[in-house]
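The values are calculated or read from the model by the stated rules, or taken from the named source; none is laboratory data. Given the structure is predicted, the values throughout are model-derived calculations rather than measurements. All Cβ positions, even for glycine, are placed from backbone atoms using ideal geometry, and neighbour counts span all protein chains on display.
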Amino acid sequence: MEWWTDFYVEGSKHELAKVREIVEGGETNLYRAINLFQLWELTHKRQYEDGPGTLFYVKQEFKYADSFFPTGKPILTSTFLGGKMLKLPSYSKKHLGRFILDYLEHEGLAVDTIVELSAGWGRFLFDLYFNGSPSDIALISGEVSSEARQITEVLCDLDPAIPITAHDFDFYRPNLDFLKDTDSVLFFTHMAVMFIPELQREAILKMANSAKRVRCIHFEPVGFQVLAGQYMAAKMQGVVAGFKGFNQNLITLLEELHNENLITVRGLFKDIIVDVDRTHAISVVIWEGGSG
Ligand SMILES: C[S@@+](CC[C@H](N)C(=O)[O-])C[C@H]1O[C@@H](n2cnc3c(N)ncnc32)[C@H](O)[C@@H]1O
């Protein structure tokens with residue numbers, strides 16, 4: 001298994017233990033259980049001691065006491081947006097659920113299924129649900145880590161009405177058989193492809209041919225792969241992606257498939273969503289596929 005996949009699969013074992021502790025400790029409300037877990041996530045950081053096999057979570061310690069909220073969180077974190085350096089309060093939150101629902105409405109798109117690939121424990125699927133994703137739209141997590149999928153299931157057990165299910169999915173051996181009965185699907189990925197150093201054509205082609213109508217939105221820190229507008233911050237993102245072994249080919253692969261008429265790239269929006277990590281400003285790439 002590739003290094004980054006290993007890192008997350010191992011980490012999700014610790015996360016599952018934490019979620020079980022919350023639920024077995026008596027929390028019965030899904031929204032509260034998720035927020036309690038996210039509070040723990042915010043204050044703990046994954047770390048290897050001596051490489052694979054020794055991963056653990058440490059409580060985050062911050063150096064400068066005067067730049068703290070009274071809550072113990074750093075006041076500001078630096079990041080960039082559209083090429084501009086900016087400071088962001090640590091309490092900012094990403095609203096991908098809202099973004100996706102706004103996009104569907106704006107485009108007048110009716111889908112029966114929304115799939116997040118490499119969904120982790122399903123943070124953004126729950127976000128979609130809480131933001132009012134219609135209850136007849138199936139929300140599906142495709143995730144390689146069985147522990148991360150178990151977290152999704154433990155949380156879903158708290159609310160039987162929730163339309164989220166989790167399925168095994170590995171970008172290195174892509175299989176989307178769980179979408180057999182789907183007509184119109186929206187895929188999305190968030191900080192997922194970034195951990196696959198070289199994405200294979202097969203993965204995108206399987207997605208493109210998985211239903212009659214297919215859209216995909218990638219939310220990935222790949223602005224550095226777009227040569228136009230390489231300001232300093234984007235260059236820095238490229239340098240970090242290089243030494244950390246992050247994805248290098250998402251944009252060229254999509255362009256290649258677009259030029260072969262196998263998919264249609266609908267838009268590329270560089271560095272338009274901020275992240276608390278300055279090298280993780282998110283670019284959005286949208287493409288269309290479909291077998292019918
Ligand atoms: C940074 S997390 C992002 C999780 C989720 N998308 C989010 O934003 O909260 C990266 C995820 O990619 C998953 N992953 C790593 N390698 C993978 C692979 N080969 N196939 C599918 N998922 C993979 C990890 O298990 C982890 O859940």
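Counting just the residues of the stretch 17-53 that are β-branched (Val, Ile, Thr) and in contact with a helix residue (DSSP H, G or I) (Cβ under 9 Å, 6 or more places away or on another chain), which one comes out modelled with the lowest pLDDT?
Across the stretch 17-53, the extreme among qualifying residues is Ile34.
Since Ile140 meets every condition but one in (1) more than 16 Å from the ligand (Cβ to nearest atom); (2) at pLDDT 90 or above; (3) not in a helix (DSSP H, G or I), which condition does it not meet?
Answer for Ile140: the failing condition is (1).
Please go through the stretch 155-189 and give me each residue that is within 17 Å of Trp121 (Cα to Cα) and touching a Lys or Arg at 6+ places or on another chain (Cβ under 8 Å), ordered by number.
Correct list: Ala166, His167, Asp168, Phe187.
Answer with yes or no whether Ala148 is in contact (Cβ under 8 Å) with a residue 40 or more places away in the chain and more than 26 Å from Glu107 (Cα to Cα).
So Ala148 passes the test.
Do you know which residues across the stretch 217-236 are touching a Ser or Thr at 6+ places or on another chain (Cβ under 7 Å) and modelled with pLDDT under 85?
Across the stretch 217-236, the qualifying residue is only Met236.
Assess whether Asp112 counts as being assigned by TED's automatic domain parsing to the domain that holds Ile196 and exposed (fewer than 14 other Cβ atoms within 10 Å of the Cβ).
Here the answer is no, as Asp112 does not meet what is asked.
All but one of (1) under 30 Å from Gly108 (Cβ atoms); (2) within 11 Å of the ligand (Cβ to nearest atom); (3) acidic (Asp, Glu) hold for Asp181; state the number of the condition that does not hold.
Of the numbered conditions (1) under 30 Å from Gly108 (Cβ atoms); (2) within 11 Å of the ligand (Cβ to nearest atom); (3) acidic (Asp, Glu), the odd one out for Asp181 is (2).
Would you mention how many residues in the stretch 179-191 are in contact with a Phe, Trp or Tyr (Cβ under 8 Å, 6 or more places away or on another chain) and surrounded by fewer than 21 Cβ atoms within 10 Å (Cβ to Cβ)?
1
With the requirement that a residue be in a helix (DSSP H, G or I) and free of Cβ contacts under 8 Å to residues at least 40 places away in the same chain, what does the stretch 108-137 give you?
Leu125, Asp127, Leu128, Tyr129
Examine the stretch 192-201 for a residue that is surrounded by fewer than 16 Cβ atoms within 10 Å (Cβ to Cβ) and of a type in the set (Lys, Arg), and state whether such a residue exists.
Checking the stretch 192-201: at least one residue is surrounded by fewer than 16 Cβ atoms within 10 Å (Cβ to Cβ) and of a type in the set (Lys, Arg).
Inspect all residues belonging to the stretch 173-194 and state whether any of them is closer than 25 Å to Pro221 by Cα and either at pLDDT below 95 or assigned by TED's automatic domain parsing to the domain that holds Thr28 (or both).
no
Quick check, is Ser90 surrounded by 14 or more Cβ atoms within 10 Å (Cβ to Cβ), at pLDDT 95 or above and either within 16 Å of the ligand (Cβ to nearest atom) or of a type in the set (Ser, Thr, Tyr) (or both)?
No.
Does Ile251 count as crowded, with 22+ Cβ neighbours inside 10 Å and at pLDDT below 95?
Taking the combined requirement at face value, the residue does not satisfy it.
Within the bounds of the stretch 25-35, is there any residue that is more than 15 Å from the ligand (Cβ to nearest atom), more than 17 Å from the chain's Cα centre (by Cα) and β-branched (Val, Ile, Thr)?
yes
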